[in-house]
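Beneath this line is the structure, given in structure tokens, with notes to follow.
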Amino acid sequence: MSSAAPPIIKTIEKYQRYTYGQLESDPSSNDSQNTYQEYLQLKANVESLQRSQRHLLGEELVNLGTNELEQLENQLDGALEQIRLTKNQFIANRLLELKRKEEMLEETNNALRIKLEETDAVLRSSSWEVGEQSGVPPHQQRETMDSHCRNNPLQMSCGPMEIDDRPRSAVASASGNVNGLLNGPGWMA
């Protein structure tokens, strides 16, 4: 019998080590319990937030007491104030941005005006020089060029065309025989 006792004791010890050791070293059971507790807390938080959201939307207000209604009113006032501040800040930033753009456009406009004046001055001085060389005053040169462009509307060297208030038939007769222009040159036939 003495030889039979040690294997049973060894088996019992092995069983106890396995059972109790597994419970002590098995974190999955503790984790699952912690996870379940965390789940219950999160579920309660979600329900509370949903209830609060319904109250903010004006739903289910019948069950609220005066203190809860005052808290809800204060919460809504605070939220509206925050929205107003955010909106005013956005508008102020947008105004600053538009003022900067306006200043940049004014600077560009002034620079272009100065450049136009310089170009105009250069053109006037060069037209005086050309007029002095040809012996024709600049205002007569302009009139001559304008009449040349009116008589030769297909001329590419003419400047921008001026709008004429005369009827089309008068413009056609003033610019020459239209049929002669279209049928005359050999390269168009």
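The values are calculated or read from the model by the stated rules, or taken from the named source; none is laboratory data. Keep in mind the model is a prediction, meaning the values are calculated, not measured. Quick reminder, even Gly has a Cβ in these numbers, built from the backbone with ideal geometry, and neighbours come from all protein chains shown. For accessibility, only protein heavy atoms count, side chains too; no ligands or nucleic acids. Shrake-Rupley method; radii C 1.70, N 1.55, O 1.52, S 1.80 Å.
Below are the figures for this structure:
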{"quantity": "With eigenvalues of the C-alpha gyration tensor scaled by 5 and rooted, region 30-91, Å", "calculated": "32, 19, 9"}
{"quantity": "Dipole magnitude of region 74-115, debye to nearest 20 (Cβ charges: Lys/Arg +1, Asp/Glu -1, about Cα centre)", "calculated": "200"}
{"quantity": "Candidate lysines - alpha carbon under 24 Å from K101, same-chain residues fewer than 8 apart omitted", "calculated": "K87, K115"}
{"quantity": "Region 15-116, accessible surface, carbon-and-sulfur percent (1.4 angstrom probe)", "calculated": "54"}
